[in-house]
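The next block holds one structure in the form of structure tokens; read it before the comments.
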Amino acid sequence: MTETFTSRPAAGLDDKSLLRAYRTMRTIRDFEERLHDEFATGEIPGFVHLYAGEEASATGVCSNLDDDRDSISSTHRGHGHCIAKGVDVKEMMAEIYGRTTGSCHGKGGSMHIADLSKGMLGANGIVGGGPPLICGTALAAKLRGDGGVGVAFFGDGGSNQGTTLESLNLASVWNLPAVFVAENNGYAEATSAAWSVGGGDIANRAAAFGMPGVIVDGFDFFAVHEAAAQAVERARNGGGPTLIEVKLTRYYGHFEGDQQTYRSTEVAEAREKLDCLKRFRRTVTGSGQLTDGQLDQVDAEVARLIDEAVEEAKAAPQPTRADLDTDVYISY
Ligand SMILES: Cc1ncc(C[n+]2csc(CCOP(=O)(O)OP(=O)(O)O)c2C)c(N)n1
Ligand SMILES: [Mg+2]
């Protein structure tokens, strides 16, 4: 049966870990809200899909992972996953602006940000493209025997792709150290998950593949962190894969420019009543573990970082024609 996780305040995390988690979520939020404004000026090339509202998912999961042995795959909505896995924020911003100082030298843009040194295999324009990659990295970790884990993030839409279902099966039969994180934000573009996801909750599908399936409140950092901690621990110790379904809401449209005629008041309500940053603050100040002053300081530092990231990205050079021939094969 599918288990539902509930929040346990602070979940044994020390002050430093709590501050780090808050900083990560705040950085994702500010990064995305700033991009929302900057995209409207027309200066950013290509498509941008914002992760605001979903911060507790990437942060709660990735706070259980190491840089060197653990890897993640992401989606078209990948900025939050990148930040949570430790990709440099200024390089990310430059990448989105298509500048040579970007994480992929300005040639990938929003949907292809990758940093293998951080175990971030890449955002991915192919819905359902990530899970097969993670079967590969999880198999590699299993062969290395270093306890490494692969985590695939995908959406409710991605959960219906054959690639995802095949990956769940492969991870099961090969007993791979993999964690599958279905971020169910209720929509695939404008299509409601209530209509498109057969069998009710995505986590129910885990039973068919003989792995644990859990449902987590995606507004609750602590619930996500704990569910992921158990799944990662199981994977590291040879217990095989887990499917975690994180229920959340995206605060912006499917892409920047989406008129969102398919929904009305749910975002305002989520921002007001459910927001993961507000909830985190209430929990850690209520328990006396952190003060409002400490969190306000993080807010100020992150605001400065994002200002600098945008300023530096705008001032950085664009790739030249000669750059077309590099980063293709061996100079990658
Ligand atoms: C294989 C494939 N099919 C269709 C698309 C077009 N597409 C891009 S995003 C998207 C919806 C994805 O929804 P979901 O997986 O729920 O992720 P979310 O956008 O909600 O984060 C679709 C259909 C694509 N990029 N790749
Ligand atoms: Mg979705």
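Data table
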item	result
Ala193, sole failed condition from (1) in contact (Cβ under 8 Å) with a residue 60 or more places away in the chain; (2) within 13 Å of ligand 2 (Cβ to nearest atom)	(1)
Only listed residue being under 27 Å from Tyr22 (Cα atoms) and out of contact with any Phe, Trp or Tyr (no Cβ under 8 Å at 6 or more places or on another chain), chosen from Ala182, Ala223, Ala188, Ala229	Ala229
Filtered residues of the range 114-169 (kept if closer than 18 Å to Val197 by Cβ and among the acidic types (Asp, Glu))	Asp156, Glu166
Count - residues of the range 292-332 that are over 24 Å from the mean Cα position of the chain (by Cα) and touching a residue at least 40 places away in the same chain (Cβ under 8 Å)	10
Residue that is nearest to the chain's Cα centre (by Cα) [pool: residues in the range 69-119 that are part of a loop (DSSP other than H, G, I, E, B) and among the β-branched types (Val, Ile, Thr)]	Thr75
Positions within the range 170-185 being part of a loop (DSSP other than H, G, I, E, B) and more than 8 Å from ligand 1 (Cβ to nearest atom), in sequence order	Trp174, Asn175, Leu176, Pro177
The range 86-117, residues that are closer than 22 Å to Val246 by Cα and out of contact with any Asp or Glu (no Cβ under 8 Å at 6 or more places or on another chain)	Met111
Subset of the range 197-210 that is within 22 Å of the chain's Cα centre (by Cα) and in a helix (DSSP H, G or I) - its residue that is nearest to Thr249 (Cα to Cα)	Ile202
Pair list, Cβ under 7 Å, 6 or more apart: the range 240-269 residue surrounded by fewer than 17 Cβ atoms within 10 Å (Cβ to Cβ), other residue modelled with pLDDT of 95 or more and not in a helix (DSSP H, G or I)	Phe255/Val48; Phe255/His49; Gln260/Gly253; Tyr262/Ala190; Glu266/Thr249
Residue within the range 70-87 that is out of contact with any strand residue (DSSP E or B) (no Cβ under 7 Å at 6 or more places or on another chain), surrounded by fewer than 24 Cβ atoms within 10 Å (Cβ to Cβ) and aliphatic (A, V, I, L, M) present	no
Filter result for Gly293 (modelled with pLDDT of 95 or more and not in a helix (DSSP H, G or I))	no
Ser63 being touching a strand residue (DSSP E or B) at 6+ places or on another chain (Cβ under 8 Å) and crowded, with 17+ Cβ neighbours inside 10 Å	no
Number of positions in the range 166-188 that are touching a residue at least 40 places away in the same chain (Cβ under 8 Å) and either of a type in the set (A, V, I, L, M) or near ligand 2 (Cβ under 9 Å from one of its atoms) (or both)	13
Residue list for the range 150-165, filter: away from ligand 2 (no atom under 13 Å from the Cβ) and of a type outside the set (Gly, Ala, Ser)	Val151, Thr163, Leu165
Tally, over the range 302-327, of residues that are of a type in the set (Asp, Glu) and loosely packed, with under 12 Cβ neighbours inside 10 Å	1
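One line per residue, one yes/no per condition, for (1) within 16 Å of ligand 1 (Cβ to nearest atom); (2) in contact with a helix residue (DSSP H, G or I) (Cβ under 9 Å, 6 or more places away or on another chain); (3) over 18 Å from Pro241 (Cα atoms):
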residue: Ile126; (1), (2), (3): yes, yes, yes
residue: Cys135; (1), (2), (3): no, yes, no
residue: Asp156; (1), (2), (3): yes, yes, yes
residue: Ser159; (1), (2), (3): yes, yes, no
residue: Glu166; (1), (2), (3): yes, yes, no
residue: Ser192; (1), (2), (3): yes, no, yes
residue: Val197; (1), (2), (3): yes, yes, yes
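The values are calculated or read from the model by the stated rules, or taken from the named source; none is laboratory data. Because the structure is predicted, anything quoted here is derived from the model rather than measured. Using ideal geometry, Cβ is built from the backbone for each residue, glycine included, and neighbour counts are taken over all protein chains shown.
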